[in-house]
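Single-structure report; data block below.
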Amino acid sequence: MNLNQIKTIELPKILDDRGNLSFFESNNHVPFEIERVYWIYDVPGGENRGGHSYYQNQELIIALSGSFDVVLDDGFEAKKYTLNRSHFGLYVPNGIWRQLENFSTNSLAFIAASHEYDENDYLRNYETFKTFKK
Ligand code: TYD
């Protein structure tokens, strides 16, 4: 996997006088079957999340509220994506080192994942990741 496979996905946004509604569906707006969702919130100022890669798990990351940066690295180059709109998702394939940082106050990161939680699917050492990507 490399950075070319990363996509920003614009999700449906239904507007009416009562406010906005967005949604996404497995294998439709999201290019995988969703097995799990989780969310990250109340991140203290200056803290980072992530700092790992997955062997199999793919994700769609959305800033449902506030903003944060997602730094993605394919082992050869890194790119920073700022998420701050609740109808845009960042598709992150497996095999990409990812870190979430620069969380705004009250930000809410919502993540849809292709696999159930499995610690054995994590690659948490950056040097091992680099070796794995060669
Ligand atoms: P981790 O994935 O390391 O968090 P982040 O990548 O955001 O820094 O997970 C932190 C802890 O939460 C770790 O002990 C595993 C646990 N966890 C689950 O039990 N289920 C899950 O779906 C996730 C994402 C984490």
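The values are calculated or read from the model by the stated rules, or taken from the named source; none is laboratory data. If you're wondering where the values come from, they're calculated on a predicted model, not measured in any experiment. Every residue, glycine among them, receives a Cβ derived from its backbone with ideal geometry; neighbour counts consider all protein chains shown. Just the protein is used for accessible areas: all its heavy atoms, side chains included, with ligands, DNA and RNA removed. Shrake-Rupley method; radii C 1.70, N 1.55, O 1.52, S 1.80 Å.
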Which is farthest toward the positive dipole end of the chain among 3, 103, 46, measuring Cα position about the Cα centre, with Cβ charges +1 (Lys, Arg) and -1 (Asp, Glu)? 3
Treating cross-link reach as a plain straight distance, find the lysines whose alpha-carbon is under 29 Å from the alpha-carbon of residue 133, omitting any fewer than eight places away in the same chain. 7, 79, 80
Per-bin percent of Cα-Cα distances, the chain [10 Å]: 12, 43, 36, 8, 1, 0
Compare 72, 64 by solvent-accessible area with a 1.4 Å probe and give them largest first, with all protein chains kept in place. 64, 72
Loop-resident sites, segment 1-102, for trypsin sites (Lys or Arg not before Pro), counting at most 15 other Cβ within 10 Å (DSSP): 18
Probe radius 1.4 Å, ligands and nucleic acids left out: which of 88, 103, 76, 129 has the largest accessible area, and how do the rest follow? 76, 88, 103, 129
Dipole of the chain (Lys/Arg Cβ +1, Asp/Glu Cβ -1, origin at the Cα centre): which of 114, 129, 14 lies farthest to the positive side? 129
Taking all protein chains together and a probe of 1.4 Å, list 101, 33 from the most accessible to the least accessible. 33, 101
So how far, in whole Å, is the C-alpha centre of segment 84-108 from the one of segment 17-41? 14
Expressed as a whole number of Å, what is the distance separating the alpha-carbon centroids of segment 113-134 and segment 49-76? 12
